[in-house]
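In what follows, a single structure is set out as structure tokens and then discussed.
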Amino acid sequence: MSKLLVLASSPRPKGNSTILATEAARGAKDADAEVKTFRLAKMKIGPCMGCDGCRKPKAAGCVQKDDMRTLYAELRAADAVLIASPVYWFTMSAQIKLFMDRLYAFGAESYRPLKDKRVGIILTYGDADPFVSGAVNAIRAFQDAFAYVGAPIAGMVYGSADKPGDVRANKALMKDAYALGQKLGF
Ligand SMILES: Cc1cc2nc3c(=O)[nH]c(=O)nc-3n(C[C@H](O)[C@H](O)[C@H](O)COP(=O)(O)O)c2cc1C
């Protein structure tokens with residue numbers, strides 16, 4: 001059975017990106033995957049201190065003791081990871097940026113636990129256009145970061161929605177999210 005780790009980063013519990021992530025989780029479960037979901041806004045994840053402790057020989061991870069410890073263990077155990085974020089100020093949310101910075105610990109040449117795990121990305125934004133909204137900046141950052149840690153991006157689902165729940169009206173996007181979950185769940 002495949003294991004999917006879902007990281008929902010919106011501070012809004014019924015936010016659009018979380019709704020799409022839940023739909024993807026449903027798709028993954030239907031594909032027989034075991035799904036675990038974490039809400040980053042509820043977790044204590046500090047910024048990377050740039051200490052390079054994770055780059056010391058035999059370090060195998062970050063030296064900080066916060067909720068990233070839980071996520072590092074879940075990331076190691078997972079076969080696939082799904083990240084859901086709202087676009088804030090023309091890029092990913094602060095919650096997911098903190099998480100991404102801390103993935104530096106998984107990018108050492110001698111320690112690459114994410115290698116060959118499949119990654120999915122979900123983004124929602126207020127503007128109608130992915131360029132004007134800044135979604136493209138987040139997309140580019142995810143592409144580069146996951147290429148760096150050796151984890152191929154299996155698919156991205158992104159679209160416009162503003163008030164919490166608006167995304168439900170976009171049936172095509174909901175369908176795409178479900179299909180992404182199925183793809184990650186196999
Ligand atoms: C602090 C803040 C910054 C935002 N910045 C952008 C932005 O740069 N571009 C955009 O298109 N929408 C922006 N939005 C709108 C959100 O991306 C949009 O409402 C999205 O659906 C939120 O996803 P969520 O419901 O999952 O939190 C912003 C919203 C907030 C609260």
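The values are calculated or read from the model by the stated rules, or taken from the named source; none is laboratory data. Everything quoted here is computed from the prediction, not taken from an experiment. Cβ: placed from backbone, ideal geometry, glycine included. Neighbour counts: every protein chain shown.
Remarks
Quick grid of which residues meet (1) surrounded by fewer than 14 Cβ atoms within 10 Å (Cβ to Cβ); (2) touching a Pro at 6+ places or on another chain (Cβ under 8 Å); (3) not in a loop (DSSP other than H, G, I, E, B); (4) not acidic (Asp, Glu):
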| position | (1), (2), (3), (4) |
| --- | --- |
| 113 | no, no, no, yes |
| 122 | no, no, yes, yes |
| 128 | yes, no, no, yes |
| 131 | yes, no, yes, yes |
| 137 | no, no, yes, yes |
| 141 | no, no, yes, yes |
| 144 | yes, no, yes, no |
| 150 | no, no, no, yes |
| 155 | no, no, yes, yes |
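- Candidate set from segment 89-106 (those that are outside any helix (DSSP H, G or I) and within 18 Å of residue 42 (Cα to Cα)); member that is nearest to the ligand (Cβ to nearest atom): 93
- Some residue of segment 57-73 being of a type outside the set (S, T, N, Q) and within 16 Å of the ligand (Cβ to nearest atom): no
- In segment 75-109, residue farthest from the chain's Cα centre (by Cα) [restricted to those that are closer than 19 Å to residue 56 by Cβ and hydrophobic (A, V, I, L, M, F, W, C)]: 108
- Taken together, the criteria place residue 126 among residues that are closer than 12 Å to residue 87 by Cα, touching a helix residue (DSSP H, G or I) at 6+ places or on another chain (Cβ under 8 Å) and of a type in the set (Gly, Ala, Ser).
- Residue check, residue 57 in contact with a helix residue (DSSP H, G or I) (Cβ under 7 Å, 6 or more places away or on another chain), exposed (fewer than 14 other Cβ atoms within 10 Å of the Cβ) and not in a strand (DSSP E or B): no
- If only residues of segment 107-138 that are within 16 Å of the ligand (Cβ to nearest atom) and among the aromatic types (Phe, Trp, Tyr) are counted, the one that is nearest to residue 24 (Cα to Cα) is 125.
- Checking residue 164 against (1) assigned to a strand (DSSP E or B); (2) within 9 Å of the ligand (Cβ to nearest atom); (3) touching a Lys or Arg at 6+ places or on another chain (Cβ under 7 Å), the condition it does not meet: (1)
- For segment 120-143, the condition holds for no residue, the condition being that it is modelled with pLDDT under 95, of a type in the set (Ser, Thr, Tyr) and out of contact with any Leu (no Cβ under 9 Å at 6 or more places or on another chain).
- Only one of the numbered conditions (1) surrounded by fewer than 22 Cβ atoms within 10 Å (Cβ to Cβ); (2) touching a residue at least 60 places away in the same chain (Cβ under 8 Å) is not met by residue 78, and that is (1).
- Note on segment 1-48: among residues that are assigned to a strand (DSSP E or B) and either free of Cβ contacts under 8 Å to residues at least 60 places away in the same chain or surrounded by fewer than 17 Cβ atoms within 10 Å (Cβ to Cβ) (or both), the one that is farthest from the ligand (Cβ to nearest atom) is 34.
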